[in-house]
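Student: Please see the structure below; I have some questions.
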Amino acid sequence: MSHCYINFFIFNILQIGIAQPPLSYPQGVKLHLPSLEGPCVRLNGWDLSPSMQSKTNLALLVSLSLLLTAFGAGCSRDPNVRKQKFFIQGNTDFDRGKYPEAMISYGRALQIDPRFAEGHYKLAQCHLKQGTWMAAYQELTRTIDLQAENWPAQLDLAKLLLAAGKAQEAKDKSLLILRSNPKHANAQMLLSNADALLGNLKDALQEAKDATAMAPDHSAVYLNLGMVEAKADAFNDAETNLRKAQTLDPVSLPTLMTLGNFYLQQKRWADAEKIYQSAISLAPKNALPHAALSSLYLNQGQEVLAEKTLADAKQQLSDNPAGYRMLGDYYLSRGEHAKALTEFGALSAEHQADLPVRKIYIQLLILNHRIDEAARLNDEILKKSPQDAESLILKGQVQFQQKKVDESIQTLQQAVKNAPDNAAGHYQLGVAFQLKGNTSQAENEWHKAVQLRPALAEAWLALGSATMQRADWRALEPIGDHLKKIAPRSAEGYLFHATARINQADPVAAEADLNQLIQIAPQNALGYIKLGQLRVAQKRWDEAEKMYRQGLTRDPNSLDAVQGLVDLDFRRNKSADALRLIQAQLDHNPNNSALHLLQGEALLKNKQPEGAERSFERAVEIDKQNVKALVLLAQIHSSHGKLDQAIASYKRALEAAPSNVRLYVALASSYEAQGNWQQAQTLYEKALAIQPDDALAANNLAYILLEHGGSVNVALTYAQTARRGLPDLPNSADTLGWAYYHNGAFSVAAPLFEDAVKKVPGNLTYRYHLGLAYQKLNDFVQARTQFEKIINVDPKSPVAEQARHALSGISGR
């Protein structure tokens, strides 16, 4: 439930039924245009009296009875008789509100006569009642194809078009109806609303007034006129007409809700409260007025009253899921997960047959890391319904919380197979792929998720984070834009957009985003910190420091603010100040692993590796899962030739992050440095099993295979993968050239070696490979040149010895 004001005009169009939920949102609220009921009201030959419909139905029954009597039992085979029998049964079920049963009867009638227009129309009405908008649209279209002058069907189709945002098409339909039925008040109201949504407010106002002349005794026309006047900012006139609608129909819930929402928009809190209270008294079992009253209190900042209203609604609507869930949904909307967990736990126990409530409770258990309990409750559902997609999604989340990533991927893949349109399933499958280290597949699933549900903020956030990691600023910008639209009070959209703009040399746009963020959340440290980073990029050091300190004032424990100040001190050659700042923070919080990590990094920058090593060790001692500290420890050990200790640190890091491809590559490189190429090969293969397109692992594995008698064809495949991923790296050029050389493709290998040597002229191995390729191509002058350069640069190196041997072969020739 939002704190923002309800959009009065759109909300109330839906309430009186002029517009219905879009075709693409089949879970929308079922809303219908009230008919202009009353004694003997006729509009251009259309009898709107309920009694007339009853007389018509009676006449139909009498006629059928006479026909059956006349023709006898043999007529039971007459398809028209059978069709009408099914149609009448469908009407009976429809009038009783048994829409699924009615659909079966209408369907049987249409099997007998597929061109039975009345059957298609009644089937469309069943879909409208059940909120299946696309099916309703299809049946209405079919009805009109068969019976173009079925004006009720034309009107219903026009309402669907308007609800789908196709205002011009809805307007055209309403004009079509009015040409044949100039006094059709419902069509006139629809025309008014179509023009209002098209921005033609002057026309809309006149059309709404014309509707009141067509049906002056009916509340719906005044309700519609008041809505249009409110949109045109004619608030006094709007109130007059909304009040008149209430006078004409004092027991209409839509009328009361429209008037209450009007007062809410005007911030006339007391008037709105009075109207909502009246609506609750009128319809105590309807959840809508309870929710509106709670929203009213929230708009006034009266959170206690808002919560109490929903708690009272829970008691009054104890048999209505939409009612007894409102308090729990309120806690969820406000991010009060502890209260939501307690509330949905109680609801799950009280309403054990309510599976949606049970599933929300399981999701909350997962978010609160009560994994065993979540697994037990979810397994109970799956035992009865093994292919339930939502429960499979929950099971997949449980599994990756249990570090069973491979099992999680299998479970979630089954879920999206069962329900390919489930956006949450694709999002969670993306999370599982990310945990596996397969970023490309993760992003693919997140893209599917946002295609299915464009407002799924979690999937957009995941895409934004992944896009930032690969520094794709052009792709990041529209992600930030979209997040700003669907979550305007969330920081991430502004941060993504600002990051994209500053990295595309547009600091002005970036600053606008960050200032907007500060305006939205002035007490949040993040906006100031990011603005400080922007000032650093602009080399406006003093302003940057001011921003960082403002962030630290709002959050004294903000690691980002401390990091910003430390970085700024190093940029200004004030390393001692940076170290003092970190130490001051540690004095207040000595058991903060992240601060010890920051201290270690600062000491490394200050060329104090021994002190850095102690800081990293302390960080790991406090938090054994601090992967970055373990990696930095391993790097320090490697730089001092302590390969065994480096290997031990990398192994500990892998225990904390078993799917991190970079850690496998780093550990494999350490084993290579030890000369243990077999273990290195195994680790590179594990890395590629997690992420098959990892270029670095593929490059190193290809080289090991080539140097140690592995398959040259397999090595070539890996080398090609490496070159695709690292197209500008001389090492990948050399590896691919070496693979082609071993496969006998010397003319293909030589240009790759030339590229590597051009970029790194001092690399003797690249020159040696290039010399060998020239030798195989019988270009002995060029080969001799490369070998002699190697010997001249470093005559005692192993590569020089290899060059002498190759050179002797050329001299012998």
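The values are calculated or read from the model by the stated rules, or taken from the named source; none is laboratory data. Not measured: the values here are computed from a predicted model. Virtual Cβ from ideal backbone geometry, glycine too; neighbours counted across all protein chains shown. Just so you know, the surface numbers come from the protein's heavy atoms only, side chains and all, with ligands and any DNA or RNA stripped out. Shrake-Rupley method; radii C 1.70, N 1.55, O 1.52, S 1.80 Å.
Student: Could you list, in sequence order, the residues of region 738-757 that are touching a residue at least 24 places away in the same chain (Cβ under 8 Å) and either open to solvent by 40 Å² or more (accessible area, probe 1.4 Å) or among the hydroxyl-bearing types (S, T, Y) (or both)?
Tutor: Y740, Y741, H742, N743, F746, S747, D755
Student: How many residues, within region 433-455, are of a type in the set (D, E, K, R), part of a helix (DSSP H, G or I) and more than 18 Å from Q414 (Cα to Cα)?
Tutor: The number of residues fulfilling the criteria is 1.
Student: How many residues does region 616-650 hold that are small (G, A, S) and buried (at least 19 other Cβ atoms within 10 Å of the Cβ)?
Tutor: Count: 6.
Student: Here's something else I'd like to know. Can you name every one of the helices (runs of 4 or more DSSP H) wholly within region 609-681 that holds 3 or more residues which are under 34 Å from the mean Cα position of the chain (by Cα)? If you could, list the steps in order and put the result at the bottom.
Tutor: Working: elements: 609-622, 627-639, 643-656, 661-674.
The qualifying helices (runs of 4 or more DSSP H) are 627-639, 643-656, 661-674.
Student: So, one more: Considering each residue of region 771-803, count those that are open to solvent by 20 Å² or more (accessible area, probe 1.4 Å), in contact with a helix residue (DSSP H, G or I) (Cβ under 8 Å, 6 or more places away or on another chain) and not in a helix (DSSP H, G or I), and give that number.
Tutor: Qualifying residue count for the region: 2.
Student: Can you name the residue in region 514-540 that is open to solvent by 20 Å² or more (accessible area, probe 1.4 Å) and hydrophobic (A, V, I, L, M, F, W, C) and is also nearest to L568 (Cα to Cα) among such residues?
Tutor: A537
Student: Write out, first by first residue and then by second, each pair whose Cβ atoms fall under 6 Å of each other, whose residues are 6+ apart or on separate chains, and whose first residue, in region 351-378, is in a helix (DSSP H, G or I) while the second is open to solvent by 40 Å² or more (accessible area, probe 1.4 Å) and not hydroxyl-bearing (S, T, Y).
Tutor: K359/E390; L365/E373; I371/Q401; N378/K395
Student: Taking R108 as meeting all but one of (1) closer than 25 Å to E149 by Cβ; (2) in contact with a Phe, Trp or Tyr (Cβ under 7 Å, 6 or more places away or on another chain), write down the number of the exception.
Tutor: Against the list (1) closer than 25 Å to E149 by Cβ; (2) in contact with a Phe, Trp or Tyr (Cβ under 7 Å, 6 or more places away or on another chain), R108 comes up short only on (1).
Student: When you look at A230, is it farther than 29 Å from Q300 by Cα, in contact with a helix residue (DSSP H, G or I) (Cβ under 7 Å, 6 or more places away or on another chain) and either β-branched (V, I, T) or crowded, with 22+ Cβ neighbours inside 10 Å (or both), yes or no?
Tutor: Taking the combined requirement at face value, the residue does not satisfy it.
Student: Among the listed residues A653, A673, A668, which satisfies the condition of being in contact (Cβ under 8 Å) with a residue 12 or more places away in the chain, out of contact with any Lys or Arg (no Cβ under 7 Å at 6 or more places or on another chain), open to solvent by 20 Å² or more (accessible area, probe 1.4 Å) and not hydroxyl-bearing (S, T, Y)? Even if it seems obvious, please write down each step before you answer.
Tutor: Values: A653 fails: open to solvent by 20 Å² or more (accessible area, probe 1.4 Å); A668 fails: open to solvent by 20 Å² or more (accessible area, probe 1.4 Å).
After applying the criteria, what remains is A673.
Student: Let me ask another. Might you let me know whether region 169-190 holds any residue that is β-branched (V, I, T) and open to solvent by 10 Å² or more (accessible area, probe 1.4 Å)?
Tutor: No; the residues of region 169-190 include none that is β-branched (V, I, T) and open to solvent by 10 Å² or more (accessible area, probe 1.4 Å).
Student: So, one more: On the given criteria, is Y330 over 24 Å from the mean Cα position of the chain (by Cα) and within 21 Å of L365 (Cβ to Cβ)?
Tutor: no
Student: Using the structure shown, decide if V799 is within 58 Å of the chain's Cα centre (by Cα), aliphatic (A, V, I, L, M), at pLDDT below 95 and farther than 27 Å from A698 by Cβ.
Tutor: no
Student: For Y768, are the conditions met, namely being part of a helix (DSSP H, G or I), over 30 Å from A689 (Cα atoms), open to solvent by less than 60 Å² (accessible area, probe 1.4 Å) and in contact with a helix residue (DSSP H, G or I) (Cβ under 7 Å, 6 or more places away or on another chain)?
Tutor: Yes, satisfied.
Student: From Y548, Y494, which residue is buried (at least 22 other Cβ atoms within 10 Å of the Cβ), closer than 26 Å to L603 by Cα and either among the hydroxyl-bearing types (S, T, Y) or in contact (Cβ under 8 Å) with a residue 60 or more places away in the chain (or both)?
Tutor: Within the list Y548, Y494, the selection yields Y548.
Student: For region 452-487, which positions are aliphatic (A, V, I, L, M) and over 10 Å from the mean Cα position of the chain (by Cα)? Steps first, answer last, please.
Tutor: In the first step, residues of region 452-487 are kept if they are aliphatic (A, V, I, L, M); the result is 452, 455-457, 459, 461-463, 466, 468, 471, 475-476, 479, 483, 486-487.
Hits for region 452-487 are A466, M468, A471, A475, L476, I479, A487.
Student: Need the failing condition index for S465 against (1) in contact (Cβ under 8 Å) with a residue 12 or more places away in the chain; (2) among the hydroxyl-bearing types (S, T, Y); (3) within 17 Å of Q434 (Cβ to Cβ), just the number.
Tutor: Here S465 clears every test but (1).
Student: Now for a different question. Do you know which of the residues in region 699-737 that are under 15 Å from L752 (Cα atoms) and of a type in the set (A, V, I, L, M, F, W, C) is most open to solvent (accessible area, probe 1.4 Å)?
Tutor: Across region 699-737, the extreme among qualifying residues is L729.
Student: Further question on the same structure: Looking at Q434, Q428, Q399, which one is open to solvent by 60 Å² or more (accessible area, probe 1.4 Å) and either touching a residue at least 60 places away in the same chain (Cβ under 8 Å) or within 30 Å of I371 (Cβ to Cβ) (or both)?
Tutor: It is Q434.
Student: Next up: Got a sec? Which helices (runs of 4 or more DSSP H) wholly within region 483-579 have at least 3 residues that are in contact with a helix residue (DSSP H, G or I) (Cβ under 9 Å, 6 or more places away or on another chain), farther than 26 Å from S593 by Cβ and of a type in the set (V, I, T)?
Tutor: 507-520
Student: Any residue that is touching a residue at least 24 places away in the same chain (Cβ under 8 Å) and charged (D, E, K, R) - is there at least one of those in region 598-614?
Tutor: yes
Student: Can you name every residue in region 213-246 that is among the β-branched types (V, I, T) and free of Cβ contacts under 8 Å to residues at least 24 places away in the same chain?
Tutor: T240
Student: Restricting to region 557-574, and then to whatever is open to solvent by 60 Å² or more (accessible area, probe 1.4 Å) and more than 32 Å from the chain's Cα centre (by Cα), can you tell me which residue is nearest to G493 (Cα to Cα)?
Tutor: So the first thing to find is which residues in region 557-574 are open to solvent by 60 Å² or more (accessible area, probe 1.4 Å), and the list is 557, 560, 563, 571, 573-574.
Then drop every residue that is not more than 32 Å from the chain's Cα centre (by Cα), which leaves 571, 573-574.
Values: R571: 29, N573: 34, K574: 34 Å.
Residue satisfying both the conditions and the ranking: R571.
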